[in-house]
Amino acid sequence: MARVSLSKIEKVYPNGFKAVHGVDLDIRDGEFMVFVGPSGCAKSTLLRMVAGLESITGGELRIGDKRVNDLPAKARGIAMVFQNYALYPHMTVYDNLAFGLKLAGTPKKELDLRVRQAAQLLEMEHLLERYPKQLSGGQAQRVAVGRAIVKKPEVFLFDEPLSNLDAKLRAAMRVRLTELHQTLRDQGQPATVIYVTHDQTEAMTMGERICVLKEGVIQQVDTPVALYEKP
Ligand code: ADP
Ligand code: ADP
């Protein structure tokens, strides 16, 4: 867990388009923060800047105590869950979960422990031997989340993770992800989360605080209750 501070963050794309205009935001240790807003409001741009997938053209980004503007993604202590799951089709679920740790040289015993803990947390121990094409959409999404969990990152980044699921599964996954955040907190490993969505229901039911964006500017940052009372 770590706090994430955005200070006067700007993004000017190479074609000269200014997508983000001086965003200031402090995301607390262990907080579940949702970025919400219509298509084009720059929520993905902001998330990708935090992830190290997009350069920061102005301002300062800090994760924990470190300025990370110029750090590569690998060195930022983050794990990202993508909309399209990005699972390796030729690997079992177990190996999908283990792959990143293997690359990082994690000792085998530790790797096995972390994979099994993540599988338990996400109730997918029975899926470890399957291949991605043998999974339902919701199961594949759980594996994608599991792949982030095994890394024990400081910060979890979610980019519209439920938008490929049908409405019923989406509702179930909203609950599951919220419970997971609570479980990690109860276990003394609170996870800082930045969760991007265009779905207002997701934002209102999952966010501890919600950051409403419009055209690269923050319009409001508040709790769901406060936003509901003064929209
Ligand atoms: P959102 O995730 O909220 O839909 P994006 O962050 O994808 O919004 O985009 C924010 C704005 O930046 C949009 O106007 C988009 O057209 C623009 N944009 C995104 N990527 C690029 C790029 N590579 N070059 C120029 N403009 C871009
Ligand atoms: P490798 O082939 O990468 O050397 P092993 O097959 O020797 O790994 O397995 C090492 C540990 O990883 C075992 O203790 C086993 O519990 C676990 N493991 C490996 N593959 C799977 C799998 N598909 N399902 C469940 N556990 C697995």
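Since every read-out is calculated from the coordinates, none of them should be taken as a lab result. This is a predicted model, so every value here is computed, not measured. Here Cβ is always computed from backbone atoms with ideal geometry, including for glycine, and neighbour counts include all displayed protein chains.
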For this session: Stick to Cα atoms and the Kirkwood definition of Rh, then tell me Rg/Rh for the stretch 1-98.
Result: 1.01
Problem set entry | Kirkwood Rh and Cα Rg combined as Rg/Rh, the chain | 0.96
Problem set entry | DSSP bridge orientation in the chain - percent antiparallel, rounded to nearest 5 | 50 percent
For this session: Compute the acute angle (0 to 90°) between the alpha-carbon long axis of helix 137-149 and the principal axis of greatest extent of the alpha-carbon atoms of the chain; round to the nearest 10°.
Result: 80 degrees
Exercise. Relative to the first principal axis of the alpha-carbon coordinates of the chain, what is the inclination of helix 167-186, with its axis defined by its Cα atoms, in degrees from 0 to 90 and to the nearest 10?
Worked result: 90 degrees
Exercise. If r is the Cβ-Cβ distance from Val12 to Asp186 and R0 is 35 Å, what FRET efficiency results, to the nearest 0.05?
Worked result: 0.25
Problem set entry | In degrees, nearest ten, helix 93-103 long axis to first principal axis of the chain (Cα) | 70 degrees
Exercise. So which GluC sites (Glu not before Pro) in the stretch 120-166 pass both tests, a DSSP loop state and at most 16 other Cβ atoms within 10 Å of the Cβ?
Worked result: Glu123, Glu129
Seminar exercise, completed: 1/(1 + (r/R0)^6) with r = Cβ-Cβ of Met204 and Met91, R0 = 45 Å, i.e. FRET efficiency to nearest 0.05, evaluates to 0.80
Problem set entry | Extension gain from Thr178 to Asp29, taking 0.36 nm per residue of separation minus the Cα-Cα distance | 52.0 nm
